[in-house]
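Have a look at the structure below before the remarks.
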Amino acid sequence: NPALNGINLNIDKGEFVFVVGHSGAGKSSLLKLLTRENVATSGKVVVNGYDLSALTKKQVPYFRRSLGMVFQDFRLIPNMTVFDNVAFVLRVTNHSNRYIRKRVPYVLNLVDLADKMKSYPNELSGGEQQRVAIARALASDPPFIIADEPTGNVDPGLSLQIVELLMDINKYCGTTIMMVTHEHELV
């Protein structure tokens, strides 16, 4: 049985798109195709100019660098400070220390966490941890950010703040954003 069939999706540069659906609707399958975790059995998937079915294994990490990912479970590294969690993305992509020292405070300021740079994830609230995850996704200035259920592990009152933050990033940075959620009310 195909997980997704007859899908035709085009997201223009600078758009903010919600993907909404109940459990089992195919949201995760779509994400796995868009991030090249899975390869489509037919059809074509093109993201940020990359034809994902034509990528070699060596090309996949370079493609993924063109994406920012925000996960429901934050995926922060517990023994690293907030600064180092955000800087991690830049270090693995060989950015200079000078650039990292400028970029990390800038993106932490965008998510209103500049004062938490030296804190560790376990010292932060769930909402703050999710904002660190958003800062990390923004760090490399990707053209496209995928937020997978980013409000799933925060208090309902913070859900709207997370969406508003992503909308601000879209508006002021021009970043294309796809937010996957099952929460119809948020949309």
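Here are the numbers for the structure shown:
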item: Inter-residue pairs, beta-carbon under 8 Å, first over 22 Å from Leu67 (Cβ atoms) and in segment 142-166, second open to solvent by less than 50 Å² (accessible area, probe 1.4 Å) and of a type in the set (Asp, Glu), 6+ apart; result: Ser159/Glu183
item: Any hit, segment 115-137, residues being under 23 Å from Ile11 (Cα atoms), open to solvent by 20 Å² or more (accessible area, probe 1.4 Å) and among the acidic types (Asp, Glu); result: no
item: Close pairs (8 angstrom Cβ cut-off, 6 or more residues apart or separate chains): within 13 Å of Ala3 (Cβ to Cβ) in segment 16-28, open to solvent by less than 60 Å² (accessible area, probe 1.4 Å) and part of a loop (DSSP other than H, G, I, E, B) anywhere; result: Gly26/Leu4; Lys27/Gly21
item: Near pairs, Cβ below 8 angstrom, 6+ apart or cross-chain, from segment 83-105 (within 18 Å of Tyr120 (Cα to Cα)) to any residue that is surrounded by fewer than 11 Cβ atoms within 10 Å (Cβ to Cβ) and of a type outside the set (A, V, I, L, M, F, W, C); result: Phe83/Lys118
item: Which listed residue, of Phe71, Phe88, is within 20 Å of the chain's Cα centre (by Cα), surrounded by fewer than 19 Cβ atoms within 10 Å (Cβ to Cβ) and within 19 Å of Thr175 (Cβ to Cβ); result: Phe71
item: Failed condition for Met178, given (1) farther than 25 Å from Arg91 by Cα; (2) modelled with pLDDT of 95 or more; (3) loosely packed, with under 15 Cβ neighbours inside 10 Å; result: (3)
item: Segment 34-63 residues that are open to solvent by less than 50 Å² (accessible area, probe 1.4 Å), paired with ones that are among the β-branched types (Val, Ile, Thr) (beta carbon under 6 Å, 6 or more apart); result: Leu34/Val47; Arg36/Val60; Leu52/Val45
item: Test: Gly152 is modelled with pLDDT under 95, more than 25 Å from Glu37 (Cβ to Cβ) and open to solvent by less than 50 Å² (accessible area, probe 1.4 Å); result: no
item: Selection within segment 57-92 - among the small types (Gly, Ala, Ser) and either closer than 24 Å to Leu33 by Cβ or in a loop (DSSP other than H, G, I, E, B) (or both); result: Ser66, Gly68
item: Of residues in segment 102-114 being part of a helix (DSSP H, G or I) and open to solvent by 60 Å² or more (accessible area, probe 1.4 Å), the one farthest from Asp168 (Cα to Cα); result: Lys102
item: Residue check, Asp141 open to solvent by 50 Å² or more (accessible area, probe 1.4 Å) and closer than 24 Å to Ser159 by Cβ; result: no
item: Residue satisfying all of: in segment 4-18; within 17 Å of Leu67 (Cα to Cα) and β-branched (Val, Ile, Thr); nearest to the chain's Cα centre (by Cα) among these; result: Val17
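The values are calculated or read from the model by the stated rules, or taken from the named source; none is laboratory data. All figures in this text were calculated on a predicted structure; none of them were measured in a lab. FYI the Cβ positions are ideal-geometry reconstructions off the backbone, even for glycines, and counts take in every protein chain you see. The area values use the complete protein model at the heavy-atom level, side chains included, leaving out ligands, DNA and RNA. Shrake-Rupley method; radii C 1.70, N 1.55, O 1.52, S 1.80 Å.
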